[in-house]
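Report on the following structure.
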Amino acid sequence: MVSASLLPTVSMYRLSKICLVLSIALTSLFAHATETNGVPGYANDLTQLSLEDLMQVEVTTVSRSPEKLSHAPAAIAVVTEDDIRRSGATTIPEALRLVPGLQVARVDAHGWAVSARGFNDVFANKLLVMIDGRTIYTPLFSGVFWDVQDTVLEDIDRIEVIRGPGATQWGANAVNGVINIITKSAKETQGLLLSGGGGTEKRGFSSVRYGARFNADTYIRVYAKYVNRDDQAAPTGGSANDSWDMYRGGFRLDWKTTDVNLITFQGDIYSGRLNQVYTVPTTVPPFAALAPDKLRVSGGNLLARWTHDFSADAQLTLQAYYDRTVRNAVIFGEDRDTGDIDVQHRFKAGDRHTITLGGGYRLTHDVIRNSANISLMPSARTLNLLNAFVQDEIELQPEHWSLTIGTKLEHNDFTGVEVQPSARILWAPLERHAIWASVSRAVRTPSRAEDDVTLNPAGVPPGFATIHGNRNFDSEKLIAYELGYRVQPHKRITFDLAGFYNDYDDLRSFERTGTMFQSVAANNLFGETYGFEASSTLQALDRWRLTAGYTFLNTQLHKRHGSTDTMSEVAERMSPQNQISLRSSINLPGHVEFDQFLRYVDSIVVSSSGIPSYWSLDLRLGWKPNPHWEFSVVGQNLLAPSHPEFYPTFVSSQRTEVERGVYGKITVRF
């Protein structure tokens, strides 16, 4: 970590002007140069895909079957392999910053708060995340531990992000959005890849991946990765003592046994150490003490998938996976084992109907190590989840009108049977124009913590302000209304607009129990969110691409009559009302790439503390002298020495600020 006293004395305002003016000047200068002076041997297109190609990319997350992005009846965005590479991102959450409508905020050196359409938190619980079909949210709090989610980013084919419900296809917790991270097949990752680098904040990172072919129908890849990151800054100056490192490895095997059968077998294993400073309760005044900790995390997973093609329009998929996670901290420990099996069958019924149906079963077992700060009783519990779904895509008028209807039935151990239907309609009045609308119901089922937790905050006498779980806690419910328009008026420009109105009921509240300031989880909050997300991509010149995004969100939460909750309504201010992003990517002479990413995030309030709005600028300069070598230098958060993005909520860990950083990277492919 670079001490604030060692940073240049240039003011933030002057530095902002210098960075922006330099970026715009270089972009304009070299854009003109590359437009008028061709570079022999250099591709004319900015990326591998033109805008027309991008609109025709097939996505699978909206309906669990392939469809063109341009005609997907949902607010969906795709982050491509090239987007990730040119953004300078080294982690999955950093890559998600590229998606308009997502709020991605760094909590500390290894923690993130990620959500769509509001309700952001360290323990955000309304966003479903998958990697290659494996669900990575935890029933502990119905959210994601982002610090242990990673892979070789060069092996990611694309990230599909739905803003809005996806519960009919993917089940409970797909309330405000779905993130589907899809990696390349082993066949697409042949040969050797070496990548590594380091800098001021990202002290060191490296990855190695090798792909081989056993025969004409069988391919495999193996990889190993290491990451070491520096501490962030404490708000009062100095180090936040939250540095971390992580080791990871894995493999993928793709075996095409016949022309119609494909078997995929893959797995990962990881181990890491995450430094953290907690504030823990004590029995004597001031009833709080600092507890520096080295949080140990480890785990692994194995996944098998069989795909059988009956025809071009009929396919059967059977998937099973096992996942184990271990977390050991001074305030809490958890061992969790999860087994999941899922089957899906897609087929044509007549000329106009495409039916997708299936079901699945998931079993998860945890063992909790309790402390005076956080405890769950019983300390071990097994949970079951059973589901079935059906969906019909109806082609009302070929190439112009389509209707998708379906529902998901789930049985969970908390609330029993949940029904989550949806209807989506798409109208394509002209070529390259699509208007869509949807109505959906989704639920967020209770988590293990909401059922069984006892949380004793630091800084108050023992038992004075304890938060208790509630076995009668019900599911949170959403009725969502969406309307969108997607158009490509010219081969060089695309535009996407999505508006939404979400009506929530039975949201979580914390009700006073009458004993001092103790409270219990309940469902006495309701509310609504509304807003829109707009994005546009312009191929300004053959080698210059601009992407802009704007998001507006308004959240209004209300307590039911008689509620004694005093802390939950603050959630309406934990997501920014306005977000702006602007990306510029240009190919310069000499096989040089210049990329800029400017973001604005509105002010928020977390745990009654205000976090001011901020601008952030990332710059990347890359050089690819030939197809085998790539060199890049990346500057991140360049407009200020440091700034806060989010604060811890229920778990009292040290508040931190994101620092300005620079790193270099080398990638070799053979």
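List of remarks:
Residue-by-condition table, conditions (1) within 22 Å of the chain's Cα centre (by Cα); (2) closer than 17 Å to S585 by Cβ; (3) charged (D, E, K, R); (4) at pLDDT below 95:
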{"site": "W615", "(1), (2), (3), (4)": "yes, no, no, no"}
{"site": "G622", "(1), (2), (3), (4)": "no, yes, no, no"}
{"site": "P627", "(1), (2), (3), (4)": "no, no, no, yes"}
{"site": "V633", "(1), (2), (3), (4)": "no, yes, no, no"}
{"site": "E645", "(1), (2), (3), (4)": "yes, no, yes, no"}
{"site": "S653", "(1), (2), (3), (4)": "no, no, no, yes"}
{"site": "R669", "(1), (2), (3), (4)": "no, no, yes, no"}
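- Of the residues in segment 541-553, at least one is surrounded by fewer than 20 Cβ atoms within 10 Å (Cβ to Cβ) and within 29 Å of R441 (Cα to Cα).
- Filter result for F594 (surrounded by fewer than 20 Cβ atoms within 10 Å (Cβ to Cβ), of a type in the set (F, W, Y), closer than 23 Å to G197 by Cβ and in contact (Cβ under 8 Å) with a residue 60 or more places away in the chain): no
- Residues of segment 241-257 classified as over 19 Å from R213 (Cα atoms) and in a strand (DSSP E or B), total: 6
- Residue match in segment 418-435 (condition: of a type in the set (G, A, S), farther than 24 Å from E395 by Cβ, out of contact with any Asp or Glu (no Cβ under 6 Å at 6 or more places or on another chain) and at pLDDT 95 or above): no
- Test: D340 is more than 30 Å from A288 (Cβ to Cβ) and in a loop (DSSP other than H, G, I, E, B): no
- Filtering segment 277-317 to residues that are in a loop (DSSP other than H, G, I, E, B) and either free of Cβ contacts under 8 Å to residues at least 60 places away in the same chain or under 30 Å from the mean Cα position of the chain (by Cα) (or both) leaves V284, P285, A312, D313.
- Look at (1) surrounded by 24 or more Cβ atoms within 10 Å (Cβ to Cβ); (2) modelled with pLDDT of 95 or more and you find that A72 fails only one, number (2).
- Considering the conditions (1) assigned to a strand (DSSP E or B); (2) under 20 Å from A124 (Cα atoms); (3) not basic (K, R), E645 is excluded by exactly one of them, (1).
- Failed criterion for Q556 (all others in (1) under 25 Å from I604 (Cα atoms); (2) crowded, with 17+ Cβ neighbours inside 10 Å hold): (2)
- Conditions (1) outside any strand (DSSP E or B); (2) among the aliphatic types (A, V, I, L, M); (3) within 30 Å of R209 (Cβ to Cβ): number failed by A640: (3)
- Some residue of segment 318-326 being part of a strand (DSSP E or B) and among the basic types (K, R): yes
- Counting the residues of segment 537-577 that are assigned to a strand (DSSP E or B), polar (S, T, N, Q) and in contact with an Asp or Glu (Cβ under 7 Å, 6 or more places away or on another chain) gives 3.
- Pairing each residue of segment 456-480 that is in contact (Cβ under 8 Å) with a residue 40 or more places away in the chain and over 26 Å from V280 (Cβ atoms) with any residue that is assigned to a loop (DSSP other than H, G, I, E, B) and of a type in the set (A, V, I, L, M), provided the two are 6+ apart or on different chains, yields C-beta distances under 6 Å for L478/V175.
- The set of residues in segment 638-657 being among the polar types (S, T, N, Q) and farther than 21 Å from A288 by Cβ consists of S642 alone.
- Qualifying positions in segment 110-123 - within 11 Å of the chain's Cα centre (by Cα) and either among the aromatic types (F, W, Y) or under 19 Å from S607 (Cβ atoms) (or both): W112, A113, V114, S115
- Residue within segment 458-477 that is under 17 Å from A442 (Cβ atoms) and in a strand (DSSP E or B) present: yes
The values are calculated or read from the model by the stated rules, or taken from the named source; none is laboratory data. Worth saying up front: this structure is predicted, and the values here are computed from it rather than measured. Neighbour counts run over all protein chains shown; Cβ positions are idealised from the backbone, glycine included.
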